[in-house]
1. Please work out which residue is surrounded by the most Cβ atoms within 10 Å (Cβ to Cβ), limiting yourself to region 19-54 and to residues that are touching a helix residue (DSSP H, G or I) at 6+ places or on another chain (Cβ under 8 Å) and under 13 Å from Glu6 (Cα atoms).
2. Report yes if some residue within region 4-23 is basic (Lys, Arg), at pLDDT below 95, assigned to a strand (DSSP E or B) and on the phi < 0 side of the Ramachandran plot; otherwise report no.
3. Restrict the check to region 63-76 and report whether at least one residue is more than 12 Å from the chain's Cα centre (by Cα), at pLDDT below 95, exposed (fewer than 13 other Cβ atoms within 10 Å of the Cβ) and not aromatic (Phe, Trp, Tyr).
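The values are calculated or read from the model by the stated rules, or taken from the named source; none is laboratory data. Not measured: the values here are computed from a predicted model. Here the Cβ positions follow ideal geometry from the backbone for every residue, glycine too, while neighbour counts run over all protein chains shown.
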Amino acid sequence: MEKVVEFKVLEDYNIWLKFQDHTEKVINFRPFIGKGFTKELLDYENFRKVSLEPGGGISWYNGYDFCPNYLKQLIQEDQKLVA
């Protein structure tokens, strides 16, 4: 199983992620927020309240989360588009 070990919130809803295998990537989360209970994350101060979960994913105070396997999949799909 994948695991995020470090992250940093950047500008414009981007988060830099580092995985346990040392893979690093910046993911833009703007496409994933703005509807339903994620609408409050459009307030950038709320968006910045992201944290690491014990299982290696990331989550926000309102319960919105991303599992580490899905985050890694996003990175791999992005790399396929570039290749």
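1. Here the residue is Phe19.
2. Within region 4-23, not a single residue is basic (Lys, Arg), at pLDDT below 95, assigned to a strand (DSSP E or B) and on the phi < 0 side of the Ramachandran plot.
3. Yes - at least one qualifying residue is present in region 63-76.
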